[in-house]
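Okay, structure first, notes after.
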Amino acid sequence: VAWMIATMAGVHFLQWTLLLPADVQEFLGFRRGDLDVGRWWSVVTYLFVHADVATLLLSIYALAVFGSRLEREWGARRFLAFAFLASLGGWALHLFIGGDGVLLSASALSFGVLAAHAMQWDDAEHPLAAGVSMRGRWMVVFVATLILLVGRRGGGGGGGAFLAHLGGVAAAWLFVRATQ
């Protein structure tokens, strides 16, 4: 989780300081047809580039709070396999039924993490902020709603790329069911 967060933050720093954001998004984001032109790396790199700071921060929050607990419970290898499959689930849904927009951000992974966490610890209490805590299932609903609202505003790929969230959830559900 720490390496994923560091990579996302590093890419975002480069994207908004040293390079043009559109160039980074075009190079690392995934578009339908990328495989036809030999841009195979975009299948994985799309999750490290974000359209805006809000989407980045929400992805980092979901990974830090929920993903770190999954990683501790499952171990680094199992979590990495899960993260890859959740990201691949988002990519696949975008590829087959998504739109023509650029697929960006770790939202598929974030939603996958939220779904897996809810399946594992739906009744656990989690700190939110300022001493407020919520049960796991409601915390997941709250964070997912924030991510959806930010994504609908234009982050996370927007348009048809927005369906990648569901791909992350479906892959997480399959992964957790298959490995329980």
| note | Among residues of the stretch 158-174 being over 15 Å from residue 59 (Cα atoms) and open to solvent by less than 10 Å² (accessible area, probe 1.4 Å), the residue modelled with the highest pLDDT is 172
| Restricting the stretch 3-15 to residues that are in contact (Cβ under 8 Å) with a residue 24 or more places away in the chain and surrounded by fewer than 19 Cβ atoms within 10 Å (Cβ to Cβ), which is nearest to residue 59 (Cα to Cα)? | 5
| request: State which residue pairs qualify: first residue closer than 21 Å to residue 56 by Cβ and inside the stretch 94-123, second residue assigned to a loop (DSSP other than H, G, I, E, B) and among the aliphatic types (A, V, I, L, M) in any location, beta carbons under 6 Å apart, and separation of 6 or more residues or different chains. | output: 104/49; 104/51
| task | Report, by residue number, each residue of the stretch 114-138 that is modelled with pLDDT under 80, part of a helix (DSSP H, G or I) and more than 18 Å from residue 168 (Cα to Cα). | result | 136
| message | Take residue 93 and tell me if it is modelled with pLDDT of 85 or more and among the aliphatic types (A, V, I, L, M). | response | yes
| query | Going by the structure shown, is residue 96 under 16 Å from residue 170 (Cβ atoms) and surrounded by fewer than 15 Cβ atoms within 10 Å (Cβ to Cβ)? | reply | yes
| said: Please verify whether residue 52 is of a type in the set (D, E, K, R) and within 13 Å of residue 8 (Cα to Cα), treating the condition exactly as stated. | reply: yes
| query | Of the residues that make up the stretch 146-153, is at least one more than 28 Å from residue 33 (Cβ to Cβ), in contact with a Lys or Arg (Cβ under 6 Å, 6 or more places away or on another chain) and modelled with pLDDT under 85? | reply | no
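The values are calculated or read from the model by the stated rules, or taken from the named source; none is laboratory data. All values reported here derive from a predicted model rather than from experimental measurement. As a convention, Cβ positions derive from the backbone with ideal geometry for all residues, glycine included, and neighbour counts pool all protein chains shown. When the accessible area is computed, the model is the full protein with side chains, heavy atoms only, and any ligands, DNA or RNA have been set aside. Shrake-Rupley method; radii C 1.70, N 1.55, O 1.52, S 1.80 Å.
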